[in-house]
Amino acid sequence: MTRKQRYEAFIAYFSENQPQAETELQYGNPFELLVAVVLSAQCTDKRINLVTPKLFQDFPTPAHLAASHFDELFPYIKTISYPNNKTKHLLGLGKMMVEDFNSEVPETIEDLQKLPGVGRKTANVITSVVWNQPSMAVDTHVFRVSKRLGLVNQNANTPLAVEKQLVSHLPKEVIPLAHHWLILHGRYTCLARTPKCESCALTSFCRYFEKKEGIVR
């Protein structure tokens, strides 16, 4: 099977079976999503969704974060991973949004990455989900699943390398959806240690399954 055929099969399956895939982070506006994604680094969406309702209630705008201080904000997120650093990130993020971006979420990857706690992956999530731009955020799930399916080369050893290959092969209008398809498939089916191949509908074009079963196509 050629790579083009793998992409065609991948898009066809998810377009039919998961046409409305979206983030599992709960948010009500772009600012809330930005905060949630910053907090979600190396933490589960489920845990973040337990923390953010009270956080969003008491800090509904960048100005509220900017006016806060470490000892006030820290208790809200102390149960998630790396709370010390993330508290500092949110305080700095709020201040920069107020001072440099008129309290609005930036629309470009370049501007988003200026914000404390926002790397390329987070910036790609925001531009994709909020602005529907053809940005591909590569987390551990996207990295793993795209390589197992044979959508990218096995020697694509960095998130940026995987991102570039996915973006170059996927139609622009599909990229925002494909990001969620890969994440959700990795989260619930193509698990890191024990992938559920027996219940996976993608084995007909999965390179990992082919190798595992000794299948030659």
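Values computed for the structure shown
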item	result
Residue tally, condition more than 17 Å from ARG3 (Cα to Cα) and assigned to a helix (DSSP H, G or I), over segment 171-217	16
Residue ID - nearest to LEU93 (Cα to Cα), chosen from residues in segment 145-162 that are crowded, with 20+ Cβ neighbours inside 10 Å and in contact (Cβ under 8 Å) with a residue 40 or more places away in the chain	VAL145
Candidates SER128, SER168, filtered to the one that is among the small types (Gly, Ala, Ser), closer than 24 Å to LEU90 by Cβ and not in a loop (DSSP other than H, G, I, E, B)	SER128
Members of segment 184-216 that are among the β-branched types (Val, Ile, Thr) and either under 23 Å from the mean Cα position of the chain (by Cα) or open to solvent by 80 Å² or more (accessible area, probe 1.4 Å) (or both)	THR189, THR194, VAL216
GLN165 at pLDDT below 95 and farther than 14 Å from PHE14 by Cβ	no
GLN165, sole failed condition from (1) within 17 Å of the chain's Cα centre (by Cα); (2) farther than 17 Å from LYS4 by Cα; (3) open to solvent by less than 60 Å² (accessible area, probe 1.4 Å)	(2)
Any pair with Cβ under 6 angstrom, 6 or more apart, that starts in segment 63-85 at a residue that is on the phi < 0 side of the Ramachandran plot and open to solvent by less than 80 Å² (accessible area, probe 1.4 Å) and ends at one that is aromatic (Phe, Trp, Tyr) and not in a helix (DSSP H, G or I)	LEU65/PHE59
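The values are calculated or read from the model by the stated rules, or taken from the named source; none is laboratory data. The structure displayed is predicted, hence computed values, not measured ones. Cβ sites come from the backbone with ideal geometry, for glycine too, and all protein chains shown count toward neighbours. The area values use the complete protein model at the heavy-atom level, side chains included, leaving out ligands, DNA and RNA. Shrake-Rupley method; radii C 1.70, N 1.55, O 1.52, S 1.80 Å.
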